[in-house]
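Comments concern the structure below.
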Amino acid sequence: MKLNSIPIRLEGCAKTYGSNARVLQPTSLSIGAGETVVLLGPSGCGKTTTLRLIAGLERPDPGGRVYFGDEDVTAKPIEERRVGMVFQNYALFPNFSVRDNIGYGLKIKKMPARERAQRVDELLELVHLTEHGDKQISQLSGGQKQRVALARALAPEPRVLLLDEPLTALDAKLRETLRTDMDLLLKNLGVTTVYVTHDQAEAMVLGDRVVVMSNGRIEQAGTPHEIYFNPGSRHVAQFLGSLNSLRGAYRDGEFHVQGGRLACPERAAGLAEIHFRPEDASLLPAADAALRGTVASVQFLGDRSRVYLDGLSETRVCVEAPSRSTLQPGEQVGVHIPPERLLIMEGE
Amino acid sequence: MKLNSIPIRLEGCAKTYGSNARVLQPTSLSIGAGETVVLLGPSGCGKTTTLRLIAGLERPDPGGRVYFGDEDVTAKPIEERRVGMVFQNYALFPNFSVRDNIGYGLKIKKMPARERAQRVDELLELVHLTEHGDKQISQLSGGQKQRVALARALAPEPRVLLLDEPLTALDAKLRETLRTDMDLLLKNLGVTTVYVTHDQAEAMVLGDRVVVMSNGRIEQAGTPHEIYFNPGSRHVAQFLGSLNSLRGAYRDGEFHVQGGRLACPERAAGLAEIHFRPEDASLLPAADAALRGTVASVQFLGDRSRVYLDGLSETRVCVEAPSRSTLQPGEQVGVHIPPERLLIMEGE
Amino acid sequence: RLALLLPALSLFAAFWLIPIAVLVRISAGGHFLATYADILTDARYVNSLWQTVLLSLLVTAATIVLSVIAGLFLTEHEFPGKRLLVSLLTLPLAFPGVVVGFMVIMLAGRQGLIGSISQALFGHKLVFAYSMSGLFLGYLYFSIPKIVLTVMAAAQSLDKSVAEAARSLGAGSWAVMRDVTLPALAPSLIASGAICFATSIGAFGTAFTLATDINVLPMTIYTEFTLNANLVTAAALSVILGVVTWAILMLAR
Amino acid sequence: RLALLLPALSLFAAFWLIPIAVLVRISAGGHFLATYADILTDARYVNSLWQTVLLSLLVTAATIVLSVIAGLFLTEHEFPGKRLLVSLLTLPLAFPGVVVGFMVIMLAGRQGLIGSISQALFGHKLVFAYSMSGLFLGYLYFSIPKIVLTVMAAAQSLDKSVAEAARSLGAGSWAVMRDVTLPALAPSLIASGAICFATSIGAFGTAFTLATDINVLPMTIYTEFTLNANLVTAAALSVILGVVTWAILMLAR
């Protein structure tokens, strides 16, 4: 199954509720035809409002415009926009069977019954639910419900697919499986997709581009690699993964901190703080190292361990280690961080 | 704060509802004084029933016995067992303030008001909620609610602390923070603790010992290292992390599969399948390798990447790679798995 | 504790059932089948039963239709004075049936407001208080507030995203109403409709105030019992009324 | 759509309020304050008002206590025949006030069951049907089922873990009841208690069947209106009754 796709453009879209509750600052965003854009941020950051503006469930404040291709759809209600929507809580019709849910959009379009049945069969196959077509919604598991919701949204061949935290209601293991399935499906469909989530792993895996939002603004937009390796701000860096801070001062190619010193690019000159991620540091014997700390605790996670270190900086620092490491609390260890892996954010 | 602790012993405890719905097969389990035991398993595996038997919220079928130290408490209701309980949905008293929730157990014990207030202050400090004491429950966030529930359970100095999926209702980031806090707190309190969860990371971090359950039985019990590195069955191995399977046959110190061969202990002789975890394999140039595959897709997760490989075995295999790797789908790669990391389960 | 409370509960249940048992026994009047056969073939009683049931069904249907419209409108729109309007809407709940009957007379009686207006406009005095129409109006008046409140409570707890999903699939207002809103409201409409029916079928004060010759069943029972001292018939009619109402209530569950 | 429906809604609201407005205007009788001052100083009317309110409060209180006990018991215990018992418990809902009055007479009237039993046992014939006591019994009889159903619905949706948490902290049955169950049931008890009060204060059929001289307000209004043709007083009493009931209903929200 392959869908036609169109580009989307928001121009200066803001949203204010009541007299002074502005949940979205004026925002412009272009989404290419067939691109999957993930809106990522904590709750209340404006990501769902942005999605609802695209859907046509909300109107932007005067001045804002929404374009689907060259068509200005700002004034069109959702039922005329030909979008497919998937909601966090599935939002299935409880009084209809699985087949009737998936065929609903086709029935509204007055597609003949025979053709409709055939199309529903195709969609059931696409989401691996062929044997569940005649069940009632209440007989399905959470993961199955979400796949019905996806099939229902795809049935009328939408121009744009909009997903609002579709995997949030599912448990961790299932979320991971569905994330992989969803990735495959979206890549094959080629439909323009906007996906809202607060889960950074989902954003990384699914997004061609990730738009990080906070406080009603876009903080940074870019490919998953760009935003993870070159975060524009400490806030973005923290939201995308764990972040350690080292307080100290730059002198002669090195950054001096409580636990010693480490090689550092000159960009850090004048900064009181540099950062790194747990997986970018490696542990070595204390004797060889220019930077040392004391093991405070070791968390065994199975596939890896997290080692918490004191004495490197004023605050505790977390470093990843192979899960078979035999470190004990109280032990002295050396830490090496390749200079190119340091996150140096000048704009703070 | 340091609590007294006692050992717990279940002897042949089964639980049947109605006439033939046996949710727990006869189970025996010893928990040492001060030990933290995590009951881990999917929903319906009997872990919550086991916890409720220990709590005194359920009675075992005739023949089963529950001991707290040397005392047989099988017939005692929960209110006489001196246990502290924490529930998934917090189960706070909505009509009381934070202070009154925490002090409830002390009030029931008729502790004088002045002494009670002092003790509540200590507990508020212990869970970092000192400035929220006079708030109503509805004004708290999920994480704060769960800390109130913990303080409330600890207030009457329970002999045993029982936690039923306490972090499940919270979102991923918060769950990780609270998991670390909880770990620290439990280690300091030294109270005998039984912790129920379906999240393997929680089990690994918090448990002195992890008891893996399924279908109303204990499948395996051991330290986190033991069950992760020496899973007793494929089911346990899968539940604790990702698992790859290689189909083939052992010959002369090597296991031969579709994509080549790999060094393998002799224990695998006669088996049709061996297993390994994604983080235990490493990727190398195809030319040098005795085991080769083709990259099907790469999932960038930020702190690492997951590379899916075809051609190694009949089924797709997942291997972890550093997140900065630049592999492309279609590329040929070699795979190395140290023989000691292979999971060889003979009992299948 | 179960052992202690069960006898208490049995006693309680017995007390509960004794009045009804007494009623049934009296209605038998020695010849159980004969009594009921007589009543169910007497055109006067059958007519009364039929009229009462019909009136109650009409009241229930009209109440549900008007309440769904008003309730959904009030839930979906915010406007200044909405709280006041809802409070005023529930005013009829505060008046007993007798007073409602009184109001119907004031409005549609011989000296009523409607009569005066119609006289002035069309030269014809519209009077319908002392008939089934008056009763219908009165019952509607005190049934609507309850069901409006029920509809509002149910509509507020609806999951909005289901309607939004339907709209994203191209459904207009009517399709959303038919496929999403009404099915979701159905359980509470059925439950409150049954209560509305039971209340209407048993209402007495309004009928009695409007006129002594309105032929609804509670009136017939009162007349048989008090004026004609015809205990057996009164009891049998009570049992029939009870059975019909209970059947509707059970059906709605 | 708002522009279209708002006038419709205004019209509807106006229709709603006109009967009440008419009632208030009649009650003024030209001398608004004088009418009400007269009524509120006339011992007969004040007494009637007071008795009605007191009776309704007593009925509401007794209903709530009995219903909470029965409702919680039925929710917490499973036993064979429970569904049947609950269905039987709701039987009184199927009978109108007139029939309930009829039952009270059968039970506690001059030829009643209780009288016969007490005569046989103690040589004294217990008769209390034709008084406030009979009315109290009748109101209780048809109030309890509704509130039992409410309590059962509310108790079933309670989060059991809160009670379990209280027990783990050492709370016995009474403490759990006081600190967890009753506070959790309170909102639905208050709401349904208010409805119970409104129903009791306005009930007419039962009182009328039992005796024409029971001095409850709806009876007084009926007498003034129909027999004495004293429109002004009847209207004023109606307004007072409405205000009291509405105040209770609003308070409960």
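Okay, here's what the table says:
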item: Links that overshoot a 20 Å alpha carbon limit, given the list B:K47/B:K173; B:K2/B:K135; A:K145/C:K160; A:K173/B:K173; result: B:K47/B:K173; B:K2/B:K135
item: Net charge over other residues, Cβ less than 15 angstrom from the Cβ of C:V65 (K, R count +1; D, E count -1); result: +2
item: Nearest-first distances (nm) between copies at D:A153, label 7 Å from Cα via Cβ; result: 0.6
item: Approximate spin-label separation C:L227-A:H128, in nm, with each point projected 7 Å along Cα-to-Cβ; result: 7.7
item: Estimated [θ] at 222 nm from DSSP helical runs (n ≥ 4, -39500 (n - 2.57)) normalised by residues in chain B, nearest 500; result: -7500 deg cm²/dmol
item: Heavy atoms of B:R9 accessible to a 1.4 Å probe, total area in Å² rounded to 10; result: 90
item: Cut-off 12 Å between beta-carbons: net charge of the residues surrounding B:Y90, Lys and Arg +1, Asp and Glu -1; result: 0
item: Exposure rank, largest accessible area first [D:W246, D:W174, C:W50, D:W16; 1.4 Å]; result: D:W174, C:W50, D:W246, D:W16
item: Copies compared at D:P187 - label distances in nm, ascending, label defined 7 Å from Cα in the Cβ direction; result: 1.7
item: Farthest toward positive dipole pole in chain C [+1 Lys/Arg, -1 Asp/Glu at C-beta], among C:S173, C:I190, C:T52; result: C:S173
item: Cα gyration tensor shape of chain D, rounded if a/c is under 1.5, else prolate or oblate by comparing a/b with b/c; result: oblate
item: Length-normalised contact order of the range B:8-238 in % [C-alpha pairs under 8 Å, at least 6 apart]; result: 28
item: For q = 0.06, 0.07, 0.08 Å⁻¹, Debye-computed log10 I/I(0) when each Cα of the protein assembly as shown counts as one equal scatterer; result: -0.69, -0.90, -1.10
item: Antiparallel bridges, percent of DSSP beta bridges restricted to chain B (to nearest 5); result: 75
item: Relative counts (whole %) of C-alpha pair distances in the range C:119-192, using bins that are 5 Å wide; result: 3, 13, 16, 13, 13, 10, 8, 8, 9, 5, 2
item: Interchain or long-range residues, amide H under 5 Å from C:G172's placed H; result: none
item: Size of charge dipole - the protein assembly as shown - debye, nearest 20, with Cβ of Lys, Arg +1 and Asp, Glu -1, no other charges; result: 2900
item: Sequence-distant residues sharing a close amide H with A:G216 (under 5 Å, placed H); result: A:G46
item: Cα pair count fraction exceeding 23 Å, expressed as % - the range D:60-208; result: 48
item: GNM flexibility winner over chain B from B:R217, B:R147, B:R119 (Cα, springs under 10 Å); result: B:R119
item: Percentage relative contact order, the range B:243-341, counting C-alpha pairs under 8 Å, at least six apart; result: 32
item: In degrees, nearest ten, helix A:142-154 long axis to first principal axis of chain A (Cα); result: 60
item: Most to least accessible of B:Y17, C:Y222 (protein chains only, probe 1.4 Å); result: B:Y17, C:Y222
item: Accessible surface, 1.4 Å probe, highest first, among residues D:I195, A:I227; result: D:I195, A:I227
item: Nonlocal amide H pairs with A:L39, under 5 Å, H built at 1.01 Å; result: A:Y195, A:V196, A:T197, A:V211
item: Exercise: per-residue mean of other protein chain Cβ atoms within 10 Å, D:241-250; result: 4
item: Spin-label model distance (nm) - A:S30 vs D:W174, 7 Å beyond Cα toward Cβ; result: 7.6
item: Order by protection proxy (mean Cβ within 10 Å, highest first), peptides C:199-207, B:283-291; result: C:199-207, B:283-291
item: Rg/Rh for the range B:92-174, where both radii come from Cα atoms and Rh is the Kirkwood radius; result: 0.96
item: Estimated inter-spin distance, C:S118 and A:R22, nm [label 7 Å along Cα→Cβ]; result: 6.0
item: Per-residue SASA entry for A:E131, accessible area with 1.4 Å probe, Å² rounded to 10; result: 140
item: Euclidean distance of C-alpha centroids, the range A:149-182 and the range B:223-293, integer Å; result: 33
item: Antiparallel DSSP beta bridges within the protein assembly as shown, as percent of all bridges there, nearest 5; result: 75
item: Inverse of mean 1/r across different Cα pairs in the range A:243-341, Kirkwood, Å; result: 13.5
item: Mean separation of Cα contacts under 8 Å, 6 or more apart, over the residue count of chain D: relative contact order %; result: 30
item: Tensor-based shape of the range D:1-97 (alpha-carbon gyration tensor, a/c under 1.5 rounded, otherwise prolate or oblate); result: oblate
item: Most mobile of A:E11, A:E273, A:E71 in a GNM of chain A (Cα contacts under 10 Å); result: A:E71
item: Solvent accessible area, Å² - B:L301, 1.4 Å probe, full protein context; result: 20
item: Vicinal HN-Hα couplings computed from phi for the range C:230-242 (Karplus, 6.51 cos²θ - 1.76 cosθ + 1.60; Hz; Gly/Pro x); result: 9, 4, 4, 4, 4, 5, 5, 4, 4, 4, 4, 4, x
item: Net +/- balance of residues flanking B:I78 in space, Cβ distance below 14 Å, scoring K and R +1, D and E -1; result: +3
item: All aspartates and glutamates inside 13 Å of A:K109 as judged from Cα atoms, apart from same-chain residues fewer than 8 positions distant; result: A:E79, A:E80, A:E157
item: Angle in degrees between helix A:113-126 and the longest Cα principal axis of chain A, rounded to the nearest 10; result: 20
item: Convex hull volume per residue in cubic angstrom - Cα atoms of chain A; result: 164
item: FRET efficiency, 1/(1 + (r/R0)^6) with R0 22 Å, evaluated for B:N188 and B:E71 via beta carbons; result: 0.25
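The values are calculated or read from the model by the stated rules, or taken from the named source; none is laboratory data. Just so we're clear, the structure is a prediction, and the values are computed from it rather than from any experiment. Here the Cβ is made from the backbone with ideal geometry for all residues, glycine too, and neighbour counts use every protein chain on show. When the accessible area is computed, the model is the full protein with side chains, heavy atoms only, and any ligands, DNA or RNA have been set aside. Shrake-Rupley method; radii C 1.70, N 1.55, O 1.52, S 1.80 Å.
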